[in-house]
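These notes concern the structure reproduced below.
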């Protein structure tokens with residue numbers, strides 16, 4: 001090989017390695033985005049939901065719309081996580097099914113609609129209290145150490161799906 005070809009070969013290898021590095025960096029960033037959306041928009045909101053249900057129980061359900069509004073945030077977060085994960089191609093089929101099941105199980109609880117608050121019956125309040133217990137059982141609640149690991153959260157979501165009856169009593 002001539003010197004010119006050797007130089008061209010080395011430059012080509014260097015550019016290929018640089019391209020590979022950029023691709024790896026992009027994959028890492030996409031995975032980070034998926035994890036942040038699911039952990040911040042779903043896991044954190046489920047913990048807040050548990051806390052708000054507890055607060056309402058202690059205060060004799062003085063402001064139940066705090067709970068129904070937070071449930072709306074949870075549902076929006078799950079939908080955002082599924083959409084983002086699918087568009088990035090970073091959500092496995094199993095994870096997508098778990099999130100869909102969680103979405104539909106939580107969707108059966110009363111939630112606020114645009115420009116109107118849900119009216120909760122005594123049965124609805126009892127169902128929310130049962131949901132609070134189920135959230136705590138799977139490790140999603142205030143004063144419980146939670147992991148920011150996506151696999152841990154998916155495991156919690158799967159356990160929660162199994163605990164929530166459909167339809168509600």
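The values are calculated or read from the model by the stated rules, or taken from the named source; none is laboratory data. Small disclaimer: the values here were computed from a predicted structure and weren't measured. Note that we place each Cβ from the backbone using ideal geometry, even for glycine, and neighbour counts take in every protein chain shown.
Scan 127, 149 and give me the residue that is at pLDDT below 90 and either under 17 Å from residue 54 (Cβ atoms) or under 14 Å from the mean Cα position of the chain (by Cα) (or both).
149
Could we say that residue 126 is under 21 Å from residue 166 (Cβ atoms) and touching a helix residue (DSSP H, G or I) at 6+ places or on another chain (Cβ under 9 Å) here?
No.
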